[in-house]
Amino acid sequence: MDHSIAVLCGALHVSRSGYYAWIGRHPGARAQANTTLLTLITQADQESRHTYGSPRVTRWLQGRGYRCGRHRIARLMRGAGLRSRARRRFRVCLTDSDHDLPIAANRLLGRSQPVRPDAVWVADITYVPTAEGCLYVAGVLDRWSRCCVGWAMSDTLAKTLPLSALDMTLTQRQPPNGLVHHSDRGRHYASEAYRQRLAAAGVQPSMSRKGNCYDNAVIESFWSSLKRELVHRCEFATRAQAQAAIFEWLEVFYNRERLHSALGYQTPVDFETNLN
């Protein structure tokens, strides 16, 4: 049932003149600023593919000249229903370490963080489910810049998969002698073919301690981001569909657009570029 303004004002103990003055009042400076910020926050959310929380959105705004606090941004995001996707525990071990192949020493123990590119690479394998079956993905990251410098995908967990990712990395980066390549203790990385490829390139192998996934935490975090920001949001009908989406996420979004908290909220490519 509709009620007149007079009846509603009387019920709320508000004068009619006060009500009309309120609806005719222009928004204050703070409210106008919030409206502008919310428009920009929405733009940041869209450009980040709905993956940024308030810390990254705040840095995104600051990078465009807007001075604002994270708590204010968080409050505006909550009001607009904008939030990053929560982390999910997701770890399926693909490491087959039950073998008699040589195990390299862990060269990262007691070693400080690298201060230049191509000092330490970290490598690992994960998988992505599709309606056709699993797509296996091998990746290599530069530990200094977090840049994904090599990758390969296949419908089988063959020994050639991580080798293909390594070959791509060696071709693109052409590292100096003495670079450390760190991986788990799986037979893919302990195989003779892989060890020979590293030796030929002058790369020193390094492997995690037994049963300690934290030794390779940088690339574990990278896989977590891939799963949270892409894989868990999609239902891939085919491996080819998954492969195209992962390629785009790696080469376009992750390396060149996504702000990385460990890099002072720069992208990996910008972080490497700003070194020069």
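The values are calculated or read from the model by the stated rules, or taken from the named source; none is laboratory data. Not measured: the values here are computed from a predicted model. No Cβ is skipped: glycine too gets one built from the backbone with ideal geometry, and neighbour counts run over all protein chains shown.
If you go through region 63-108, how many residues are at pLDDT 80 or above, under 30 Å from His232 (Cβ atoms) and loosely packed, with under 14 Cβ neighbours inside 10 Å? Number of matching residues: 8.
One residue stands out in region 248-276 among those that are among the hydrophobic types (A, V, I, L, M, F, W, C) and touching a residue at least 24 places away in the same chain (Cβ under 8 Å): the one that is farthest from Lys227 (Cα to Cα), namely Leu275. In region 188-199, the residues that are over 15 Å from Ala138 (Cβ atoms) form Cβ pairs under 9 Å with partners that are crowded, with 22+ Cβ neighbours inside 10 Å, at six or more places apart or across chains, as follows: Arg195/Tyr189. For Arg195, the criteria (1) assigned to a loop (DSSP other than H, G, I, E, B); (2) touching a Phe, Trp or Tyr at 6+ places or on another chain (Cβ under 9 Å); (3) of a type outside the set (A, V, I, L, M, F, W, C) hold in every case but one, which is (1). Of the residues in region 222-231, none is crowded, with 16+ Cβ neighbours inside 10 Å, charged (D, E, K, R) and more than 12 Å from the chain's Cα centre (by Cα). Taking every residue in region 132-145 that is within 11 Å of Phe222 (Cα to Cα) and pairing it with any residue that is surrounded by 21 or more Cβ atoms within 10 Å (Cβ to Cβ) and of a type in the set (Ser, Thr, Tyr), at least 6 positions away or on another chain, the pairs with Cβ-Cβ distances below 8 Å are Gly139/Thr126; Val140/Thr169. The set of residues in region 126-181 being closer than 24 Å to Asn106 by Cβ, of a type in the set (S, T, N, Q) and surrounded by fewer than 21 Cβ atoms within 10 Å (Cβ to Cβ) consists of Asn177 alone.
Please state which one of Glu220, Glu272, Glu235, Glu251 is among the acidic types (Asp, Glu), more than 15 Å from Cys148 (Cβ to Cβ) and either in contact with a helix residue (DSSP H, G or I) (Cβ under 9 Å, 6 or more places away or on another chain) or not in a strand (DSSP E or B) (or both).
Working: Glu220 fails: more than 15 Å from Cys148 (Cβ to Cβ); Glu272 fails: more than 15 Å from Cys148 (Cβ to Cβ); Glu251 fails: more than 15 Å from Cys148 (Cβ to Cβ).
Only one candidate passes the filter, namely Glu235.
Reported count of residues in region 161-192, each being out of contact with any Lys or Arg (no Cβ under 7 Å at 6 or more places or on another chain), in a helix (DSSP H, G or I) and closer than 29 Å to Arg258 by Cβ, is 12. Exactly one residue out of Ser261, Ser208 is within 17 Å of Leu141 (Cα to Cα) and surrounded by 14 or more Cβ atoms within 10 Å (Cβ to Cβ), and it is Ser208. When Val231 is tested against (1) closer than 17 Å to Leu141 by Cβ; (2) touching a residue at least 24 places away in the same chain (Cβ under 8 Å), only condition (1) is not met. Quick check, is Arg116 in contact (Cβ under 8 Å) with a residue 60 or more places away in the chain, crowded, with 21+ Cβ neighbours inside 10 Å and in a loop (DSSP other than H, G, I, E, B)? Answer is no for this residue.
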